[in-house]
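Take a look at this one; I'll ask things after.
The values are calculated or read from the model by the stated rules, or taken from the named source; none is laboratory data. Worth saying up front: this structure is predicted, and the values here are computed from it rather than measured. Don't worry about glycine lacking a Cβ; one is built from the backbone with ideal geometry, like all the others, and counts go over all protein chains shown. Only protein heavy atoms, including side chains, enter the accessible area calculation; ligands, DNA and RNA are left aside. Shrake-Rupley method; radii C 1.70, N 1.55, O 1.52, S 1.80 Å.
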Amino acid sequence: GNTYTASNTTATYTSTNAAGCDNVATLNLTIKSSTTGTDLVSACGSFTWIDGNAYTANNNTATHMLANAAGCDSLVTLDLTISTFASSIDPVNACDTYTWIDGIAYTASNNVATFTFVNGSVNGCDSIVTLDLTLGNSNTGTDVQTACDTYTWLDGNAYTADNNTAMFTLTNAAGCDSIVTLDLTINAVDITTTNVNDTITSNATGATYQWLDCDNAFAIIVGEISQSFVATTNGNFAVEVTQNSCTDTSVCVNIATVGVNDIENISVSIYPNPTKELINVNFGSVQASVNYTLTSIEGRIIEQQQNVTENSIRIDLSNESKGIYLLKIDNNSSASVYRIIRQ
């Protein structure tokens, strides 16, 4: 009738057997103990325990019954700590190509590539990084420019000659390099002149000319648009030359010989002037022989005679184009130049 909680080998019990005699029984009891324990677990993300359940959060209440080595119940309580995976995004802006931590060279934008750092977070779990790559492209271009005499480019340099090698790097809309190459053509204007007696000639050919009066604030001399200009008064004169779409002005040339060195003792008259074909030149009363040379405005000799003793001559311009011609008359000691207009 006693409840034993420990092993016992001394307790006896006396009963009467069928013969009426005492029957003494001695207890030989072995008491085995049940056990309890706690299963301390740390896991990443989730953990499937011995009870077959998958736990995704911390848990310290779940229990499970096992049989211990003594064959008695063994009650286990779960003490679970769940840590989460670490995840992050790696935002990158690059140009043309980009080699990421995975060793891959990307040549286009990408927001799906991932890389796992095993046990890479502070809680010992994997750390997963997702690439967010925006890839722009570099580009090149040519800046075609035409300028007069000099051109200052975006690199700050002033170029005075043709150039197709200069380069400059800008940043394009994608934030990448934009390499610009200069293709420059410099159109120079020849503003040199040649002065013979009272005639100034521009050395530029195939150009447009406008002669100017320097002494009158560079005022335009009306009608003087030929390559050469014959001054009728003393003063300072320049020419505005337009050539290759560029315009520039020569230095002023001083003329101080108008009315000086006229042929002595000869009263020259030229008529009709302007003329359509023929011109008559009358030397008046000739006291000595004279020489004359008729040239185009560019200096081409049309007619030339030496030691003329006649009072008058006739010159035919019918085969010449319309324009201005210069007639130089001299008597070996002095000379004058006359302008003739062929209409």
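Is it the case that some residue within segment 31-48 is among the small types (Gly, Ala, Ser), farther than 30 Å from CYS125 by Cβ and out of contact with any His (no Cβ under 9 Å at 6 or more places or on another chain)? Steps first, answer last, please.
At the first step, the residues of segment 31-48 found to be among the small types (Gly, Ala, Ser) are 33-34, 37, 42-43, 45-46.
Next cut, farther than 30 Å from CYS125 by Cβ only: 33-34.
In the following step, the residues that additionally are out of contact with any His (no Cβ under 9 Å at 6 or more places or on another chain) were identified as 33-34.
Looking for residues that are among the small types (Gly, Ala, Ser), farther than 30 Å from CYS125 by Cβ and out of contact with any His (no Cβ under 9 Å at 6 or more places or on another chain), one finds at least one in segment 31-48, hence yes.
Right, another one. Test of understanding: among ASN58, ASN68, which residue is open to solvent by 90 Å² or more (accessible area, probe 1.4 Å) and over 30 Å from ASP132 (Cα atoms)? Spell out the reasoning first.
Values: ASN68 fails: open to solvent by 90 Å² or more (accessible area, probe 1.4 Å).
The match here is ASN58.
Where the second residue is exposed (fewer than 12 other Cβ atoms within 10 Å of the Cβ) and modelled with pLDDT under 95 and the first is of a type outside the set (Val, Ile, Thr) and lies in segment 161-175, which pairs have Cβ atoms under 6 Å and are six or more apart or on separate chains?
PHE168/LEU154
Name every residue in segment 30-55 that is β-branched (Val, Ile, Thr) and either modelled with pLDDT under 90 or open to solvent by 90 Å² or more (accessible area, probe 1.4 Å) (or both), in order of residue number.
Selection gives THR30, ILE31, THR35, THR36, THR38, ILE50.
Another one. Could you check segment 269-286 and list, in sequence order, the residues that are assigned to a strand (DSSP E or B) and open to solvent by 60 Å² or more (accessible area, probe 1.4 Å)? Even if it seems obvious, please write down each step before you answer.
Our first condition is that a residue be assigned to a strand (DSSP E or B); within segment 269-286, this holds for 269-271, 275, 278-282.
Residues satisfying the conditions are TYR271, LEU278.
Any idea which of ASP190, ASP143 is part of a strand (DSSP E or B) and of a type in the set (Asp, Glu)?
From the options ASP190, ASP143, the qualifying one is ASP143.
Where residues in segment 138-153 are of a type in the set (S, T, N, Q) and touching a residue at least 24 places away in the same chain (Cβ under 8 Å), which of them is most open to solvent (accessible area, probe 1.4 Å)? Quick ask: steps written out before the conclusion?
First, pick out the residues of segment 138-153 that are of a type in the set (S, T, N, Q): 138-140, 142, 145-146, 150, 152.
Add one more test, that the residue is touching a residue at least 24 places away in the same chain (Cβ under 8 Å), and what stays is 138-140, 142, 145-146, 150.
On the way: SER138: 50, ASN139: 70, THR140: 114, THR142: 94, GLN145: 49, THR146: 94, THR150: 70 Å².
Here the residue is THR140.
Within segment 4-29, how many residues are under 20 Å from GLY71 (Cβ atoms) and open to solvent by 100 Å² or more (accessible area, probe 1.4 Å)?
Selection size over segment 4-29: 2.
Which of the following residues is at pLDDT below 85 and surrounded by 15 or more Cβ atoms within 10 Å (Cβ to Cβ): SER296, SER289, SER336?
On the way: SER296 fails: at pLDDT below 85; SER289 fails: surrounded by 15 or more Cβ atoms within 10 Å (Cβ to Cβ).
The match here is SER336.
Hey, can you tell me all the residues within segment 118-137 that are touching a residue at least 40 places away in the same chain (Cβ under 8 Å) and open to solvent by less than 50 Å² (accessible area, probe 1.4 Å)?
Across segment 118-137, the qualifying residues are GLY124, CYS125, ASP126, SER127, VAL129, THR130, LEU131, LEU133, LEU135, GLY136.
Which of the residues that make up segment 66-101 are free of Cβ contacts under 8 Å to residues at least 24 places away in the same chain and either within 30 Å of CYS176 (Cβ to Cβ) or of a type in the set (Ser, Thr, Tyr) (or both)?
THR99 - this is the single residue of segment 66-101 that is free of Cβ contacts under 8 Å to residues at least 24 places away in the same chain and either within 30 Å of CYS176 (Cβ to Cβ) or of a type in the set (Ser, Thr, Tyr) (or both).
Please work out which residue is most open to solvent (accessible area, probe 1.4 Å), limiting yourself to segment 232-260 and to residues that are of a type in the set (Ser, Thr, Tyr) and farther than 30 Å from THR150 by Cα.
Filtering first and then ranking leaves THR232.
Right, next: Given the criterion in contact (Cβ under 8 Å) with a residue 40 or more places away in the chain and more than 30 Å from ILE128 (Cβ to Cβ), identify the matching residue among SER15, SER34.
From the options SER15, SER34, the qualifying one is SER34.
Condition check ((1) hydroxyl-bearing (Ser, Thr, Tyr); (2) surrounded by fewer than 15 Cβ atoms within 10 Å (Cβ to Cβ); (3) within 30 Å of THR134 (Cα to Cα); (4) at pLDDT 95 or above) across all residues:
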residue: PHE168; (1), (2), (3), (4): no, no, yes, yes
residue: LEU182; (1), (2), (3), (4): no, no, no, yes
residue: VAL189; (1), (2), (3), (4): no, no, no, no
residue: TYR209; (1), (2), (3), (4): yes, no, no, yes
residue: ASN216; (1), (2), (3), (4): no, yes, no, no
residue: VAL230; (1), (2), (3), (4): no, no, no, no
